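What follows is one structure encoded as structure tokens, with my remarks underneath.
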Amino acid sequence: MKSFSMRGFGIGLVILVWIGSVNADLLPRLGGVAVYDTDRDITWLADPLAGAGSTFDDGADPSDGLMTWASAQAWVESLTVGNVSDWRLPRTPIQDDNICQPVPSGFNCTNSELGHLFYEELSGIAGSPVTDSGDQDLALFDSPAVIAWSEIPYFSPEQAYTFNMLTGGQFTQSIALYRAVWAVRTGDVGIIATVDIKPGSDSNSINLCSNGAIPVAILGSDTFEVLDENNNPRIDTESLRFAEAAVKVVGKKDPHSLCSYEDVNGDSFIDLVCHYVTTDIAGIDGEATSATVNGELVDGTPIEGTDSVSIVKDTCN
Ligand SMILES: [Ca+2]
Ligand SMILES: [Ca+2]
Ligand SMILES: [Ca+2]
Ligand SMILES: [Ca+2]
């Protein structure tokens, strides 16, 4: 028992150091379609013109991705990318730093989400397009040099804040103008993985009273590989939980997670199969029709995936 808690303490320290080293980073998400801002804990769509050609793309050009403010709101509310919804327009607080007083208009405003992105994440300089900054993170975005809407209308309902990525300026403009719609959402989207509970079985039947362990595969694919280019694990197997059950630990001298790397579905992509202690399952009951595996990559990115289940026994003697 003592050696286990010591080990947990060591792991905690490693994670703390890691968080410090990635502060102020932008990280690709959803296969590069989105970007996670670790400072603000928000996820941007990589493309501020992603609504181009949608039914919300109004104005003379229905395929330029520029919309009136009301259409912009409607588009982000309707948006689903992968399995991820809850998108919104970027936020602009009514109070900003001294430069932006008495109202948050002007240059060098960094409280707003777009101001933070321009000045602090993408190293933009007031008066110059963000694409001139040379910041390496520019490569994460498609066409970032736009004028984009903010979520909150100004004191007049006819006006809303915009942020100009060509100049670093934050100003109110008429909501009837056509501006870019840079969808963002609170939190990290992580990775949605394809999961196969009990590889080789389609029924995925689970006896919750079993003293055994249930194999669950996280499937590799061309958009998500379970091993990196050096064949090192990308998934932190100790972080994995299947319906709250941890991975079975085996080995007395060298305790390790009972996991293996193999291609369980014959698609030539290596999959990660881990075995979860059945009696530790607490996240599902006899009524469950699906179960979720969740955890983290070794770089801290959340990962989860869900598959169907059929519970054959849940009342144990
Ligand atoms: Ca348009
Ligand atoms: Ca940067
Ligand atoms: Ca299965
Ligand atoms: Ca495979």
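The values are calculated or read from the model by the stated rules, or taken from the named source; none is laboratory data. As the structure is a computational prediction, the values presented were derived from the model and not from experiment. Neighbour counts run over all protein chains shown; Cβ positions are idealised from the backbone, glycine included.
For the reader, a short list of remarks on this structure follows.
- Meets criteria (at negative phi, of a type in the set (A, V, I, L, M, F, W, C) and under 20 Å from the mean Cα position of the chain (by Cα)) for V247: no
- When the criteria are applied in full, K252 fails the requirement of being surrounded by 12 or more Cβ atoms within 10 Å (Cβ to Cβ), modelled with pLDDT under 95 and of a type outside the set (A, V, I, L, M).
- Residue in the stretch 225-237 that is closer than 27 Å to I311 by Cα and either at pLDDT 95 or above or surrounded by 19 or more Cβ atoms within 10 Å (Cβ to Cβ) (or both) present: yes
- For the stretch 146-161, the set of residues classified as at pLDDT 90 or above and not acidic (D, E) consists of V146, I147, A148, W149, S150, Q159, A160, Y161, listed by residue number.
- Residue match in the stretch 260-272 (condition: touching a residue at least 12 places away in the same chain (Cβ under 8 Å), away from ligand 4 (no atom under 16 Å from the Cβ) and not assigned by TED's automatic domain parsing to the domain that holds V33): no
- Looking only at residues in the stretch 261-295 that are within 16 Å of ligand 3 (Cβ to nearest atom), in a strand (DSSP E or B) and among the polar types (S, T, N, Q), the one that is surrounded by the fewest Cβ atoms within 10 Å (Cβ to Cβ) is S290.
- For the stretch 28-63, a residue qualifies if it is in a loop (DSSP other than H, G, I, E, B), within 16 Å of ligand 2 (Cβ to nearest atom) and closer than 15 Å to F141 by Cα, and exactly one does: A46.
- Taking the criterion of being free of Cβ contacts under 8 Å to residues at least 40 places away in the same chain, within 18 Å of N111 (Cα to Cα) and surrounded by fewer than 18 Cβ atoms within 10 Å (Cβ to Cβ), no residue of the stretch 144-165 qualifies.
- Cross-chain or 6+ apart pairs with Cβ under 7 Å, the stretch 115-136 first and under 19 Å from R91 (Cα atoms) and at pLDDT below 95, then of a type in the set (A, V, I, L, M) and surrounded by fewer than 22 Cβ atoms within 10 Å (Cβ to Cβ): none
- Taking strands (runs of 3 or more DSSP E) as the structural unit, those lying wholly within the stretch 175-215 and holding at least 1 residues that are within 22 Å of E244 (Cα to Cα) correspond to 194-197, 205-207.
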